[in-house]
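Here's the structure we're looking at; comments come further down.
The values are calculated or read from the model by the stated rules, or taken from the named source; none is laboratory data. The structure displayed is predicted, hence computed values, not measured ones. Don't worry about glycine lacking a Cβ; one is built from the backbone with ideal geometry, like all the others, and counts go over all protein chains shown. We work out accessible area using only protein heavy atoms, side chains counted, and drop any ligands, DNA or RNA first. Shrake-Rupley method; radii C 1.70, N 1.55, O 1.52, S 1.80 Å.
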Amino acid sequence: MILVTTAGKVGAEAAKLLREQDVPVRVLARDPERPAAKELAAAGAEIIAGDLAVPASIDAAMTGVSAVVLVSPAVPAQELNVVASAARAGVAHVVKATSKASADSPIARRRGQSEIEQGLAASGIPHTLLRSNAYMQNVLAVAPAITATSSFGSAAGKGRAGLVDARDVAAVAAVIAASPTGHEGKTYWLTGPELLSNYDVAAVLSKLLGRTITYQELTFEQNKDAMIRAGVPEPIAQQNAQAFSLTAEGDAEWVTGDVPAILGRPARSFEQFAADHATAFS
């Protein structure tokens with residue numbers, strides 16, 4: 001049995017892929033009645049009610065589990081609860097979805113990821129780290145602006161990123177969780193096939209949608225305020241704007257071949273991603 005800790009964009013896709021291979025999957029869900037959880041149940045996943053802040057509920061979900069796909073909003077206390085539960089249960093492997101984490105990062109969630117990684121290492125559980133570049137799915141956050149105004153803005157400036165499709169991250173997690181031999185102690189840096197700036201993103205969307213999509217470079221404060229007005233909680237808007245500002249400085253300008261090396265196929269391109277989500281932008 002493989003336990004997936006949340007039914008977000010990576011966790012849900014990993015669970016679906018594992019079920020397609022007839023691998024037993026259990027998904028921890030705070031509310032099993034939510035559509036995402038019900039969809040996974042329909043695909044054959046076992047849905048168990050639980051909360052990452054409640055160790056007893058994690059212990060119940062961990063029964064009989066051989067591997068864990070650990071993905072969540074990077075709250076250290078919660079993920080470390082999962083690590084402790086996995087250690088108590090004798091879990092053989094943890095696949096940890098993470099980012100370019102560091103203890104001295106200016107971004108709180110990256111510092112949190114570093115704390116979680118340190119706890120996972122200290123636990124002694126064999127594990128694999130999946131360090132993802134920026135998700136292509138993040139572009140969906142500006143889809144309403146693109147739909148309404150044919151434009152979007154960011155503090156990323158002209159910075160480029162090795163954007164990766166979350167579905168590819170999920171596929172890598174599923175492969176390793178199902179067959180972890182050879183992946184113990186490894187760290188993989190997951191990206192798409194190329195470096196893209198937001199000007200490149202605008203060009204791809206313009207071609208796809210048949211109308212000109214423009215990109216505007218914003219300051220940190222402009223970007224943060226725009227996200228807050230769109231309903232993003234202030235602390236998250238702050239961290240997102242910080243990440244975009246770092247992208248402007250070259251922080252995300254890296255591409256690797258880890259996705260195709262593990263999956264045996266090319267990583268999805270942004271063109272593929274945009275085509276798959278065309279209705280969101282139109």
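Report the antiparallel proportion of the DSSP beta bridges in the chain as a percent, rounded to a multiple of 5.
Values: 1 of 29 bridges.
Expressed as a percentage, antiparallel bridges in the chain total about 5.
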### Message
Please report the spacing between the Cα centers of the range 1-23 and the range 132-208 in Å, no decimals.
### Response
20
### Summary
Rh_Kirkwood(the range 87-133) over Cα pairs, Å, one decimal, evaluates to 11.2
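Tell me, in nm to one decimal, what length is gained between Ala275 and Glu221 on full extension, where the rule is 0.36 nm per residue of separation less the Cα-Cα distance? Mind dumping the intermediate values first?
Values: separation 54, 0.36 × 54 = 19.44 nm, distance 3.15 nm.
Roughly 16.3 nm would be gained on extension.
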### Query
What span do the alpha-carbon atoms of the range 165-282 cover on each of the three principal axes, reported in whole Å from largest to smallest?
47, 36, 25
### Summary
the range 1-122: relative contact order from alpha carbon pairs under 8 Å, six or more residues apart, as a whole percent, is 22
### Summary
Rounded to the nearest 10 degrees, the helix 220-229 long axis (Cα) sits at an angle to the longest Cα principal axis of the chain of 70
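Could you give the length gained on full extension between Leu209 and Ala56, defined as 0.36 nm per residue of separation minus the Cα-Cα distance, in nm? Write down the numbers at each step before the final one.
Values: separation 153, 0.36 × 153 = 55.08 nm, distance 4.91 nm.
In short, 50.2 nm is gained.
On the accessible surface of the chain, probed at 1.4 Å, how many percent belong to carbon and sulfur atoms? Display every interim value, and only then the final one.
On the way: 6670 of 12230 Å².
Within the chain, the accessible surface is 55 percent carbon and sulfur.
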### 1.4 Å probe accessible area per residue over the chain, in Å²
43
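How do Arg26, Arg34, Arg19, Arg111 rank by accessible surface area computed with a 1.4 Å probe, from largest to smallest? Before the final figure, lay out each step's value.
On the way: Arg26 25, Arg34 155, Arg19 55, Arg111 95 Å².
If we order Arg26, Arg34, Arg19, Arg111 from most to least accessible, we get Arg34, Arg111, Arg19, Arg26.
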### Task
Based solely on C-alpha atoms, express the radius of gyration and the Dmax of the chain in angstrom.
18.8, 56
### Query
Counting alpha carbon pairs within less than 8 Å and at least 6 residues apart, what relative contact order, in whole percent, applies to the chain?
18
### Message
I need the phi-derived Karplus couplings for the range 75-89: 6.51 cos²θ - 1.76 cosθ + 1.60, θ = phi - 60°, integer Hz, Gly and Pro marked x.
### Response
8, x, 4, 6, 5, 5, 4, 5, 4, 5, 5, 5, 5, 4, 7
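Grab the Cα-Cα distance for Thr181 and Glu46, subtract it from 0.36 nm times how many residues apart they are, and report the gain in nm with one decimal. Before the final figure, lay out the partial values.
Details: separation 135, 0.36 × 135 = 48.60 nm, distance 2.47 nm.
Once the chain is fully extended between Thr181 and Glu46, it gains 46.1 nm.
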### Task
Search the structure for amide H atoms under 5 Å from the amide H of Tyr135, placed 1.01 Å from N in the peptide plane, and list their residues when 5 or more places away or on another chain.
Val164
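Would you work out the Kirkwood radius for the range 1-42? I mean one over the mean of 1/r across all pairs of different Cα atoms, in Å.
On the way: mean 1/r = 0.0999 Å⁻¹.
Evaluated on the range 1-42, it is 10.0 Å.
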### Message
Need one value: the accessible area of Val255 in square angstrom, 1.4 angstrom probe, rounded to the nearest 10.
### Response
70
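In the chain, which longest range has no GluC sites (Glu not before Pro) that are both DSSP loop (not H, G, I, E or B) and surrounded by at most 11 other Cβ atoms within 10 Å? Could the numbers behind the result be given before it?
Numbers: sites that count: Glu33, Glu249.
In the chain, the maximal stretch lacking such sites is 34-248.
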### For Val27, residues with placed amide H under 5 Å, excluding near neighbours
Val4, Glu46, Ile47, Ile48
### Query
Hey, which of these cross-link pairs are over 26 Å Cα-Cα: Lys158/Lys186; Lys9/Lys186; Lys100/Lys186; Lys96/Lys207?
Lys158/Lys186; Lys96/Lys207
### Query
Quick one: what Rg and Dmax do you get for the range 58-170 from the alpha carbons, in Å?
17.0, 53
### Summary
Under the helix-only model (-39500 (n - 2.57) for each DSSP H run of 4 or more, divided by the residues of the chain), the mean residue ellipticity at 222 nm, to 500 deg cm²/dmol, is -14000 deg cm²/dmol
#### Entry: Compactness of the range 1-127, expressed as Rg and Dmax over alpha-carbon positions, Å
13.9, 43
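For the range 80-177, what's the relative contact order in percent, using C-alpha pairs closer than 8 Å and at least 6 residues apart? Can you show the working numbers first?
Values: 97 pairs, mean separation 29.8, N = 98.
Reported as a whole number, the value is 30 percent.
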### Message
Using a 1.4 Å probe on the protein heavy atoms only, what accessible surface does Lys186 show? Give it in Å² to the nearest 10.
### Response
90
